[in-house]
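Single-structure report; data block below.
Since every read-out is calculated from the coordinates, none of them should be taken as a lab result. Fair warning: this is a prediction, and the values are worked out from it, not measured in the lab. Note that we place each Cβ from the backbone using ideal geometry, even for glycine, and neighbour counts take in every protein chain shown.
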Amino acid sequence: MRVTETWYLTLSALLFTVGFVGLLVRRNPLVMFMSLELMLNAVNISFVAFANKLDDIAGQTAVFFVLVVAAAEVVVGLSIVVAVMRRRPSITADDLRSLKG
Amino acid sequence: MAQYLPVLALLVLAGLFAGLSFVASKIFAPRNPTAEKLAPYECGITPGRDLPERFPVRFYLVAMLFVIFDIEIVFLYPWAVNYQELGLFGLVSVLIFSALVFESFVYLISKGALDWGPLQVSRRQDPMRSADRTTASTVRRVGQDGRTVTVLDAGVAAEEAGSGVAA
Amino acid sequence: MIALVAQDTQTVALPGPPVVWSLLWPFLILAVGGVLLVTVTSVVPVLRGRSFPAAFTCLTALASGLSLIPVWQRVDRLDLVGGTIGSGTEGPRSLVSGAYAVDGFTVFVTGVICVSVFLTALLLDGYLRREGLDGPEWYVLMLMSASGGVLLASANDLIVSFLGLEILSIAAYVMAALHLRRAESQEAGFKYFVLGALASAFFLYGIALVYGATGSTTLQGIFAAGPNAAGLDPRTDSSLILAGMALLLVGFAFKVSAVPFHFWAPDVYQGAPSPVVAFMASGVKVAGFAGLARIFLYAFQPYWADWRPAIAALAVLSTIVGGLLALAQRNVKRMLAYSSINHAGFMLLAIHAAASPDDGGQRGAEALLFYLLAYTVMVTGTFGVATIVGGRGDGRHDLDDYRGLSRSNPLLAGVMAILLFSQAGVPFTSGFFAKFRVIGALASDGSYALGGAAMLAAVISAVLYLRIVVSMFLIDNGEAHEADHEAVDAVAGGRAAPEAEGDTLVEASPEASVLTSVRAPAPTALLAVCLAAAVTLVLGLLPDLGGGILSDAASALLLAG
């Protein structure tokens, strides 16, 4: 059985979905960030798989940018969580509900 | 391929040893669990709810700094592999990039993000912490306008200041 | 110097891309300005005070705006549009290996973003003084965010779009959470971050699928792989590109808060610091619309029949739902958030019209550009007034807090009335012509149903603005409420600025501490809102001012090369 690009694309779609569901379902901000990372890196798999299929370097370079952006994003997210933590003993996403209208 | 065989064998052995230890302790160790033994604390008041997880902020700070400087390598490594072909343009690009990364370092230092520990923190200038800020200057006394402060009041103020420090 | 370097590399194996630096200045000034500001204030702490960063930011925005003039004169040669892009002649062109496009549309949007940065910097100055905050970080982040917005608007490659979008958004997440003493601010920052990052992930997946379907990430490449290009590319995979477009559209809809993806906006707008909201609602949104328009109207133009109904649905939902939900609010910042959702619907309608293959296209693109400019100015001004009325602690945003504003500060009430009337689309204001152009474009396209829906939504949202205006000019009979609020606010004020608590609590009577911000607003903030109102009126009285610019920029958007 030969592993084709379709397998990688399916894996990528599955991981993306897992990340998406994780982001919606989990209430711990750290797990939410992990889910985000999962989504972004699932896309990376797609990029590489497509680049391989198309025999084109652009998809692989895209991964570099995505990696960096993902890191920057998570660092910012962590800082926001740390800032919130300084005011509260614990944090879950459900605790953040003073803004409702 | 053959020279990697010992490594593989070692891996298998390590895995086997770890697995066997777990299995062995499961089989041979005496276990007699009771409700008291399974409780998280042996004495004191039984906790009514799960304690809030606290995570130490400092470690996250370290992690964040690490991620920033770690990612730099993602761009530097491909350049380093091809630096001759990329020539002066590549060099200038990487210099600009490094300058930008270094710039964030300058900002971190100026903000005191790398001053750790109680000593450094207390050495920092803080308008909230000065000799001028006493109970007399920050607490408004209601209903004393136009009255002179008596000795008794001063004593009370001193007491309050003392208890404030203790608290 | 660097330009020389770029030319020297012709001799080596991998030459660097040719870069026309002179056309990059508007972007570079914003980005370098931000970096320079953070460096200078880090090295020379004396400059960390409050005046220098604000002045620096205003000057940077001005410089970037002025540098647009020579660029405009170079790229606005429409007779050369037919030539190949990047051919080295004057006219619209792409730079840096086709990653960055400079044309009339880019220049126009960059100008609008500069306006937003300029006004917000003025607002921030007064806000930071009132809240007892300092630090150049706010301004640095805003400049960074603006440069990301310019990058998103000028991107000629989806990867560059993604970078621009992320620079734009990440800086905005931090700005939303930057008021460290307000729990609401951090909460808003967290929500904005999570949903924004989700949108970015969708956007990125869309890019990956489009890349897989067309084999290219450049807008030209995607366009060329389209079905109506000569010689159908066998790689075009219809279902992949449909999914990719849908994901990109979802990502953009999150960013511009179009209706099924709008739910973060009211919470974030309510919690984030008011001047930051002014920037988020103007600069960030404008950049999002510019990216949306450029990618869909150019790269996905061959597929317009597929995505146009989706845009129409988003637009109608946004206008109607935004207007209706706004009526249910009492918090003015939330009301304005829903009103900005309503405006987003109108701008999506303009994009819908611009996608028309016939005459409606040009009119739709013009309507979009005019709407972007008018919207930016009026929304920045409106949130500017909200900043001033918010008072110390940034907490007075209830509808009742606007009661009697016409007595305590007639100028402010007048300015706010102009801005709100403009948002409602009352004649002789810029908002009227913005809405008029959108509906006109829809009519010339033949989309009468959408035009009717837009008019209905405009009427619904007008009620919302009238509510605020009536409340401002109402005879004040809510004394009890006032007193109640003052007590609360005095406490909030003391908490918001602890280093000043000694003075405030001793000296100021509660009434004075509450109303100073309204009776004597910060001069810079007042200047900003007056400027916004003045521009709104001028655009409303002379709507054809610079009409040539508008039509040139619009045709640049439609041809995109």
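Worth pointing out:
- Separation in nanometres of the label points that stand 7 Å from Cα toward Cβ, at B:PHE22 and C:ALA305: 5.9
- Distance from the alpha carbon centroid of segment B:72-112 to that of segment C:269-321 works out to 35 angstrom.
- Put in order of Cβ neighbour count within 10 Å, fewest first, the listed residues B:ILE71, C:ILE222 become B:ILE71, C:ILE222.
- Modelled FRET efficiency - R0 30 Å, C:ARG330 with C:VAL40, Cβ distances, 0.05 increments: 0.10
- Cα gyration tensor, segment A:5-90 - rounded (a/c under 1.5), prolate or oblate: oblate
- Of interest is the spacing of the C-alpha centroids, which for segment C:112-152 and segment C:424-456 amounts to 32 Å.
- Anisotropy class of segment C:20-559 from Cα gyration tensor, a/c 1.5 cut: prolate
- Sequentially through segment C:186-192, phi angles give Karplus couplings (6.51, -1.76, 1.60; θ = phi - 60°) of 5, 5, 4, x, 5, 5, 4 Hz, Gly and Pro residues having no value and appearing as x.
- With the simple spin-label model, which puts each label point 7 Å out from Cα in the Cβ direction, the C:LEU411 to B:SER93 separation comes to 5.2 nm.
- Cα principal axis extents for segment B:57-120, largest first, Å: 50, 20, 11
- For peptide C:329-336, the mean count of partner chain Cβ atoms within 10 Å of a residue's Cβ comes to 1.
- Fewest-first ordering of C:HIS352, C:HIS262 by other beta carbons within 10 Å of each residue's beta carbon gives C:HIS262, C:HIS352.
- Around the amide H of C:ASP398, modelled in the peptide plane, lie the amide H atoms of C:VAL332, all under 5 Å away and 5 or more residues distant in sequence or on another chain.
- Other-chain or far-sequence residues with amide H under 5 Å of C:THR218's (modelled H): C:LEU158
- Cβ crowding within 10 Å ranks C:SER444, C:SER356, C:SER147 as C:SER444, C:SER356, C:SER147, fewest other Cβ atoms first.
- Our estimate of slack between A:GLU5 and A:ARG27, defined as 0.36 nm per intervening residue step minus the Cα-Cα distance, is 4.5 nm.
- Charged neighbours of C:TRP138, selected by a Cβ distance under 13 Å, balance to -1 (K, R count +1; D, E count -1).
- Distance (nanometres) between label positions extended 7 Å along Cα→Cβ at C:ASP544 and C:ALA449: 3.5
- Given R0 = 35 Å, the distance between the Cβ atoms of B:SER110 and C:GLN73 translates into a calculated FRET efficiency of 0.30.
- If the chain linking A:GLN60 and A:VAL18 were pulled fully straight, counting 0.36 nm for each residue of separation and taking away their Cα-Cα distance, it would gain 12.8 nm.
- Inter-chain Cβ neighbour count for A:37-43, averaged per residue, equals 4 (cutoff 10 Å, partner chain atoms only).
- Pairs from the list A:LYS53/C:LYS285; C:LYS333/C:LYS435; B:LYS111/C:LYS333 with a Cα-Cα gap above 30 Å: A:LYS53/C:LYS285; B:LYS111/C:LYS333.
- Residues in segment C:288-312 that a label on C:LEU242 would reach, taking backbone N under 18 Å of a point 7 Å out along Cα→Cβ: C:300-312
- Residue-span extension gain [B:LEU76 to B:ARG31] - 0.36 nm each, minus C-alpha spacing: 10.7 nm
- Residue-averaged beta-carbon neighbours from other chains (10 angstrom radius) around A:58-71: 6
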